[in-house]
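Report on the structure given below.
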Amino acid sequence: METKTAPRIIETALQKQPELARHFGAVVQAGELSHAYLFSGATGRGKLAVSQLVAMSLFCAHPDPAGLACGHCNECDRIANGEHPDVLTLKPDGQSIKIDQVRQLKREFSKSAVEGKQKVFIIDAADTMTVAAANSLLKVIEEPTATVTAILLTTDYHHMLPTIRSRTQLVEFPPIQAAELIRYLQAQQVSATDITLALKITNDTDELDQLVTDHWLSKMKQQLETWFTWLKQGDAQAFPFIQTNVLPLVKDRFSQNVTITMICLLFQDLFDVKFRALPAPKLAFGDVYDLLKSAADQLSDEQIVSMINDILTTAQQQQVNVGFQSILEVITLQCLATIN
Ligand SMILES: [Zn+2]
């Protein structure tokens, strides 16, 4: 992960959540920030960036006319680097946020109350607070002081204790607009066909980043297209190809899941060309439309349906921890058996 500089944080917040970012700029400017917020939304929707932007806008030496942080002053810079004494971020220590961490936070709370100093507390993954930690934090939220703002971040506010939920202002982070995601990927020089495929796999920007890093998606796409070409010809080379060309690209659980998803999308395309006559732009693998069309013409309805059933059934076994390599090999053997 690259270090997030202040301008990059502002850009991320405005890119992912333009409305919320501008809303908070206006709120800060009007001096109407609440004492406790609960930011809720799936990973990658910009919760941390927006909370940092709120803090930066509050302390910034030269906010813009809309109340948003400049991103270039000393205050913005120190907040972005986690070095600002009045902006504290709490993260899980291991699996959870523990009561000792909250106690330390509370000491800071009471200090600032005495000094009358503005402070912002950002609690990341707030749903990982132990019950003791959450109850301890409640005390602080129940006795609001004008100079303290707490921002709790969670992927799902239903995971928060009702007592916390009832004492914080809920801000739901909506999914990022498809047009924004396309612009985001275009800015990273991702090709149009790869963008189409990527957005069929995920709309989480963190996951999209992983997909396009080092052109991973392009490389895997090429290998799967070659694998599919062997399969279509009923050529047994498809089997060793898994080990020599596909597996070297799979390095973690995420890339395992994506590889399976890509295989499912590839066969979904085959189905859509055969039965729904979908054109190339509607397909995940539209750039190999000719290959898909020729496979669709060559294979019978029953063969295609049977392969898709086999793939879905075998892919599900990944949940019960069947080795990834054997799943791909079983899929390959099943397809070869159906084709030959
Ligand atoms: Zn600034």
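The values are calculated or read from the model by the stated rules, or taken from the named source; none is laboratory data. Here the structure is a predicted model, which is why all the values come from computation and not from measurement. Backbone-built Cβ (ideal geometry, glycine too); neighbour counts: all protein chains shown. With ligands, DNA and RNA removed, areas are computed over all heavy atoms of the protein, side chains included. Shrake-Rupley method; radii C 1.70, N 1.55, O 1.52, S 1.80 Å.
If I ask for residues that are open to solvent by less than 40 Å² (accessible area, probe 1.4 Å) and in a loop (DSSP other than H, G, I, E, B), which ones from the range 43-52 would you list?
Of everything in the range 43-52, those that are open to solvent by less than 40 Å² (accessible area, probe 1.4 Å) and in a loop (DSSP other than H, G, I, E, B) turn out to be Gly44, Gly46.
Contact list please: Cβ distance under 6 Å, first residue in the range 324-340 and closer than 19 Å to Leu299 by Cβ, second residue open to solvent by 30 Å² or more (accessible area, probe 1.4 Å), pairs at least six apart or on different chains.
Sorted first by the residue in the range 324-340, then by its partner, the pairs are Thr332/Phe239; Gln334/Asp310; Thr338/Gln303; Thr338/Ser306.
Looking only at residues in the range 1-33 that are among the hydrophobic types (A, V, I, L, M, F, W, C) and away from the ligand (no atom under 16 Å from the Cβ), which one is most open to solvent (accessible area, probe 1.4 Å)?
Residue satisfying both the conditions and the ranking: Met1.
Ala36 passes all but one of (1) touching a helix residue (DSSP H, G or I) at 6+ places or on another chain (Cβ under 6 Å); (2) within 16 Å of the ligand (Cβ to nearest atom); which number fails?
Condition (2) is where Ala36 drops out.
Select from the range 46-72 the residues that are out of contact with any helix residue (DSSP H, G or I) (no Cβ under 6 Å at 6 or more places or on another chain) and more than 15 Å from the ligand (Cβ to nearest atom) and write down the one among them that is nearest to Ile176 (Cα to Cα).
Among those that are out of contact with any helix residue (DSSP H, G or I) (no Cβ under 6 Å at 6 or more places or on another chain) and more than 15 Å from the ligand (Cβ to nearest atom), it is Lys47.
Filter the range 73-114 for residues that are buried (at least 18 other Cβ atoms within 10 Å of the Cβ), hydrophobic (A, V, I, L, M, F, W, C) and within 16 Å of the ligand (Cβ to nearest atom) and give the result.
Listed by number, the residues that qualify are Cys76, Ile79, Ala80, Val87.
Identify, by number, the condition in (1) in the same structural domain as Gly44 (by TED's automatic domain parsing); (2) more than 14 Å from the chain's Cα centre (by Cα); (3) open to solvent by 20 Å² or more (accessible area, probe 1.4 Å) that Ile151 doesn't meet.
All conditions pass for Ile151, except number (3).
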